[in-house]
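Written below as structure tokens is the structure these notes are about.
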Amino acid sequence: MAKLTSRIGLGRYEADQHYHAALQSYRDRRPRDAIQNMDYALMILPDHPEYLAARGFFHLEAGQLEQAERDTDAALRINPFEVLANYNKGVLHFQRREWPEAQQAFMKAWAADTQRAETQYYLALVAYRMGDTESARRWMQRARALLEALHDKARLADADAWLREFDLLGS
């Protein structure tokens with residue numbers, strides 16, 4: 001029966017149900033439920049890089065850095081181009097002030113998905129930390145345009161504050 005279930009895709013369907021429930025739990029600010037749902041999805045499909053990256057992200061958001069890194073590294077071993085896993089890796093390096101490593105991870109995430117405002121925002125901050133204000137300004141302008149399209153007023157205000165800071169530094 002297990003072979004038949006996997007052959008007709010029911011395992012994937014059930015795993016996806018848990019994945020979508022995890023995303024909803026995250027939106028509802030219930031990180032434990034999000035992680036638990038990803039645990040269930042990964043019981044069904046243990047080597048799915050998108051699921052590993054998502055669980056890593058939820059761990060990262062919950063401040064569980066060791067678990068975040070473990071899941072992120074597992075996802076990257078399976079698929080070195082997994083966008084969320086590269087983003088997670090960038091955040092982990094950023095938190096440790098490992099600027100070149102953070103930049104490399106965020107560049108991989110950006111190459112996989114050029115429309116993620118968060119990635120470009122972090123690329124701006126990394127460039128700033130590395131002393132490249134002009135690159136920081138360009139990345140933040142790109143992030144700002146994406147945030148504006150999303151009508152994300154809170155993060156848009158933050159991007160504007162950084163752009164003013166970069167203007168002051170460039171004067």
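Throughout, read-outs are computed from the coordinates displayed, never taken from laboratory work. Everything quoted here is computed from the prediction, not taken from an experiment. Every residue, glycine among them, receives a Cβ derived from its backbone with ideal geometry; neighbour counts consider all protein chains shown.
Select from region 143-171 the residues that are within 19 Å of Y128 (Cα to Cα) and surrounded by fewer than 15 Cβ atoms within 10 Å (Cβ to Cβ) and list them in ascending order.
A145, A157, D160, A161, R164, D167, L168, L169, G170, S171
Among the residues that make up region 36-44, is at least one of them within 24 Å of L123 (Cα to Cα) and either basic (K, R) or out of contact with any strand residue (DSSP E or B) (no Cβ under 7 Å at 6 or more places or on another chain) (or both)?
There is no residue in region 36-44 that is within 24 Å of L123 (Cα to Cα) and either basic (K, R) or out of contact with any strand residue (DSSP E or B) (no Cβ under 7 Å at 6 or more places or on another chain) (or both).
Do we have E148 as out of contact with any Asp or Glu (no Cβ under 7 Å at 6 or more places or on another chain) and either within 23 Å of E82 (Cα to Cα) or of a type in the set (A, V, I, L, M, F, W, C) (or both) here?
Taking the combined requirement at face value, the residue does not satisfy it.
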